[in-house]
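Coordinate-derived values only; no laboratory data. The structure presented is a predicted model; accordingly, all values stated were derived computationally and were not measured.
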Amino acid sequence: MSDPTAAFAEYEREATAALAAAATPEDLEAARIEFLGKKQGRLRDLQKSLGSVPKEDKPAVGKAFNEVKTRVQAALDARQAELESAEGAAAADALDVTLPGRAPHAVGAVHPLTRTIAEFKTILGRLGFAAVEGPEVEDERHNFNALNIPDDHPARDPLENFYLSAASVGKGGGPLLLRSQTSTVQIRVMEQNPPPVRVISIGRVYRPDTIDATHHCQFHQMEGLMVGEGVTMAHLKTVLTLFCRAYLGEGTKVRFRPSFFPFTEPSVEADALWHGAGTGDGGEEGRWLELGGAGMIDPNVLKAVGYDPERVSGFAFGFGMERFCMMRHGISDIRLLTENDVRFLRQFG
């Protein structure tokens with residue numbers, strides 16, 4: 001290199017001119033490669049030429065080379081910042097803040113009925129009840145016979161049930177049907193487990209009811225069962241009272257009315273004095289809401305599953321899940337829960 005200083009000055013002049021002339025990020029990148037590229041370009045050529053500089057001049061020439069390289073790099077950084085600032089300003093100018101915003105993508109939510117079921121499982125789980133499941137297609141033994149429902153009972157009328165026309169038959173050769181109650185799961189649990197037993201079963205049941213605002217041919221039911229030595233009606237009343245206060249509010253009052261069910265004796269209907277969302281202490285005006293049936297398990301049911309009614313006793317209760325869900329969320333029509341109308345479901349997100 002005959003005159004390193006002149007070569008450095010020419011390199012710096014041409015580099016700064018090229019960087020200043022870069023109008024786009026692509027132009028700037030091309031200039032960077034040409035003048036500051038590590039594998040090729042003008043800077044690489046200058047660096048190679050330093051090898052021909054006399055030994056005594058190398059410190060001064062090397063220092064001048066580094067200073068030039070630093071200044072060109074600074075010019076590159078400054079031009080890059082200018083282009084980014086201009087691009088940001090252009091984007092800001094293009095934004096019309098008076099336009100309506102774009103709605104974000106809709107986020108799914110848990111169905112209100114699914115929420116109710118989960119809350120029921122949590123509350124009764126704290127009271128020691130394990131959740132179990134059973135088949136929705138049942139035979140007459142589990143749906144009727146073992147539940148002490150006689151052949152002439154209205155509940156067994158073919159017009160009151162969904163019998164299957166398939167060729168398959170249930171245990172014992174009887175016909176199959178879609179279960180009309182989750183009490184069938186109680187029978188299956190007791191057949192397979194010795195006492196003590198404490199379970200709840202939640203699932204779909206089917207009855208050919210005329211569909212309207214409060215009735216449907218398919219709905220969900222929760223059945224509770226507790227069997228052991230010394231189980232009394234006091235235990236049943238305590239469990240239902242604690243459950244209602246946990247779900248409906250601490251001040252909820254519960255009453256029990258005499259009733260009749262083939263599988264319990266004595267039998268009761270449970271009602272709760274409900275005040276709506278944010279229940280008070282029970283002193284406010286409310287309305288009595290029918291929760292469902294309950295009672296002490298009939299000895300015939302205990303015998304049907306191989307239990308000794310002289311040694312153990314138990315209680316059972318059954319609630320309609322849709323009733324509780326509609327009450328909690330102020331839903332007036334049961335059909336809304338199955339119509340899959342996203343406008344309705346978005347309210348519970």
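Taking 17, 270, 246 in turn, the Gaussian network model of the chain (Cα-Cα springs below 10 Å) assigns the largest fluctuation to 17. Cross-link partners of residue 121 among lysines, defined as those whose alpha carbon lies under 22 angstrom from its own and excluding same-chain residues fewer than eight positions apart: 237, 253. For the chain, find the longest principal axis of its Cα atoms and tell me its angle to the long axis of helix 183-192, 0 to 90°, nearest 10. With rounding to tens, the tilt is 90 degrees.
Starting from the coordinates of the alpha-carbon atoms of the range 218-275, obtain the Kirkwood hydrodynamic radius over all distinct pairs and give the value in Å to one decimal. If you can, show how the numbers build up before the last one.
On the way: mean 1/r = 0.0776 Å⁻¹.
One over the average 1/r among Cα pairs gives 12.9 Å for the range 218-275.
For the chain, the longest principal axis of the Cα atoms and the long axis of helix 233-248 meet at an angle of about 30 degrees. Taking one equal scatterer on every alpha-carbon of the chain, how large is log10 of I(q)/I(0) by Debye at q = 0.09, 0.11 1/Å? Debye intensities relative to I(0), on a log10 scale: -0.61, -0.82. For the range 1-84, the normalised intensity computed at q = 0.12, 0.13, 0.17, 0.18 Å⁻¹ comes to -0.35, -0.41, -0.66, -0.72 (log10 of I(q)/I(0), Debye sum over alpha carbons, equal scatterers, no solvent). Only DSSP H runs of four or more residues enter the estimate; each adds -39500 (n - 2.57), and after division by the residues of the chain the mean residue ellipticity at 222 nm equals -12500 deg cm²/dmol. Overall, the anisotropy analysis places the range 97-236 in the oblate class: the square-rooted eigenvalues a ≥ b ≥ c of its C-alpha gyration tensor yield a/c not less than 1.5, with a/b not exceeding b/c.
For the chain, take the longest principal axis of its alpha carbons; what is the angle in degrees between that and the long axis of helix 4-21, to the nearest 10 within 0 to 90? That helix lies at roughly 40 degrees to the long axis.
Run through the DSSP bridge list for the chain and note the antiparallel percent, rounded to the nearest 5.
Working: 45 of 48 bridges.
Just about 95 percent of them are antiparallel.
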